[in-house]
Amino acid sequence: MSSVEIQGRVHPRYTKVRDTFAAQFRAGAEIGASVAFTVDGEPVVDLFAGDADPARTRPWTRDTISHVYSVTKGMTALCAHRLVDRGSLDLEAPVSRYWPEFAQAGKGNISVRWLLSHRAGLQALRVMLAPESLYDWNAMCAALAAAAPCIAPGKLGYHPITFGWLVGELVRRIDGRSLGRFFREEIAEPLGADFHIGLGPAEEKRAADITQLAPPPELAQAFSGAGRNPGEPPLLMLAFMNPSGTGDHNCAAHRRAEIPAINGHGNAAALARIYGALARGGEVDGVRVLSADGVARASELQAEGSDALLNVPIRMGLGYWLTQTGVAGFAFGPNPGAFGHPGAGGGLAFADPAARVGFGYVANRMGSSFAVDPRPEAPIDAFYSS
């Protein structure tokens, strides 16, 4: 495509990031996107370009926010860690201490630690739910409370959609606020970070339209196999399709709901600011989002190996993926202590405490990868090589 104007600001030291970002638009890899880095809490890259809709009728501006899928999980986990910091949530306690109904179907011994580290065995619901259940918080939590684990609790098995309700209901039971409201009042507003879990009317007007999410090859294979095999659909398919489906994620119902695993909306600058605070021991500009001990706790290895659902190599912390330096598609920069979360479609955000770096990447052309998409990898490489 023709050249696209790259807007925003970049420190002279990191102009290679701008050049790389521009090259991705020239190659047609992006419709609209934003990329940001902070170093020791200071914004050094805050760039955006392109269009906020696939039809290219709205320019992507500084105020544009976009759907980031599983990048949202890092924000949700942060809410739980704030409660751990306060002593309101005990990682070793059974989830049922705070959510008594959760003890059904043999889940009474599943700990908060297992829940946060994707080891609760509830990657999917085997009882089929109506598609509109995706937007019904009480219905989803009741279904999860009643469900039996899909695999043995304690085994690493990524929870692509259910993670948000599981952790969000813990927060609600303890604090009384919904996950989206807790995040807004405790983290986003104090930091001035333009990230939201559940959009209001004003934010909805600023949301970019995303393209249809293309399923990764592994998921596409599960979909095609489901039609040939009698009986229950594959667990991988249930995890992504029951009840979420592949419906219109640009619709008002999806944007306004709180689905804390997958429907956060924000821009790269907001993600870089939040993770930039975590990279500085949990504080930036006098705003503390987590204690230094909390940051260490969140990024401590809980489980690693081939994930039971996605069949990809994961190093899992408490709600965060840990970097796998030297492993293509799973590295958050060159430093071994980095942690964060990728998102289906191309989004990524992480903290690098060793370099005191926060990073965010947001786009509206959806890719198809369970790992880190190649698009944010290019500016990350350019940044660290600078």
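The values are calculated or read from the model by the stated rules, or taken from the named source; none is laboratory data. Values in this document were obtained by computation on a predicted structure and should not be read as measured data. As a convention, Cβ positions derive from the backbone with ideal geometry for all residues, glycine included, and neighbour counts pool all protein chains shown.
Considering (1) under 17 Å from the mean Cα position of the chain (by Cα); (2) among the acidic types (Asp, Glu); (3) surrounded by fewer than 19 Cβ atoms within 10 Å (Cβ to Cβ), say which one Asp352 fails and leave the rest.
Exception for Asp352: condition (3).
Which is crowded, with 19+ Cβ neighbours inside 10 Å, over 30 Å from Gly180 (Cα atoms) and not charged (D, E, K, R), of Val17, Val71?
Just a single option satisfies the conditions, and that option is Val17.
Quick one: in the range 82-91, which of the residues that are in contact (Cβ under 8 Å) with a residue 24 or more places away in the chain and part of a loop (DSSP other than H, G, I, E, B) is farthest from Ala188 (Cα to Cα)?
Per the stated criteria, the residue is Leu91.
What's the number of the only condition in (1) in a strand (DSSP E or B); (2) surrounded by fewer than 15 Cβ atoms within 10 Å (Cβ to Cβ); (3) out of contact with any Lys or Arg (no Cβ under 7 Å at 6 or more places or on another chain) that Ala328 fails to meet?
Of (1) in a strand (DSSP E or B); (2) surrounded by fewer than 15 Cβ atoms within 10 Å (Cβ to Cβ); (3) out of contact with any Lys or Arg (no Cβ under 7 Å at 6 or more places or on another chain), only one is false for Ala328: (1).
Can you confirm whether Ala220 is among the aliphatic types (A, V, I, L, M), surrounded by fewer than 15 Cβ atoms within 10 Å (Cβ to Cβ) and modelled with pLDDT under 95?
Spelling it out, Ala220 is indeed among the aliphatic types (A, V, I, L, M), surrounded by fewer than 15 Cβ atoms within 10 Å (Cβ to Cβ) and modelled with pLDDT under 95.
In the range 1-81, which strands (runs of 3 or more DSSP E) lie fully inside it and hold 3 or more residues that are closer than 19 Å to Asp209 by Cβ?
Answer list for the range 1-81: 32-39, 42-50.
Could you tell me whether any residue of the range 77-89 is surrounded by fewer than 23 Cβ atoms within 10 Å (Cβ to Cβ), touching a strand residue (DSSP E or B) at 6+ places or on another chain (Cβ under 9 Å), at pLDDT 95 or above and within 26 Å of Ala253 (Cα to Cα)?
Within the range 77-89, one or more residues are surrounded by fewer than 23 Cβ atoms within 10 Å (Cβ to Cβ), touching a strand residue (DSSP E or B) at 6+ places or on another chain (Cβ under 9 Å), at pLDDT 95 or above and within 26 Å of Ala253 (Cα to Cα).
Go through the residues of the range 92-106 one by one and say whether even a single one is surrounded by fewer than 24 Cβ atoms within 10 Å (Cβ to Cβ), free of Cβ contacts under 8 Å to residues at least 12 places away in the same chain and touching a helix residue (DSSP H, G or I) at 6+ places or on another chain (Cβ under 8 Å).
Within the range 92-106 (the criterion being surrounded by fewer than 24 Cβ atoms within 10 Å (Cβ to Cβ), free of Cβ contacts under 8 Å to residues at least 12 places away in the same chain and touching a helix residue (DSSP H, G or I) at 6+ places or on another chain (Cβ under 8 Å)), the answer is yes, since at least one residue qualifies.
Look at His159 and say whether it is crowded, with 20+ Cβ neighbours inside 10 Å and in contact with a strand residue (DSSP E or B) (Cβ under 6 Å, 6 or more places away or on another chain).
no
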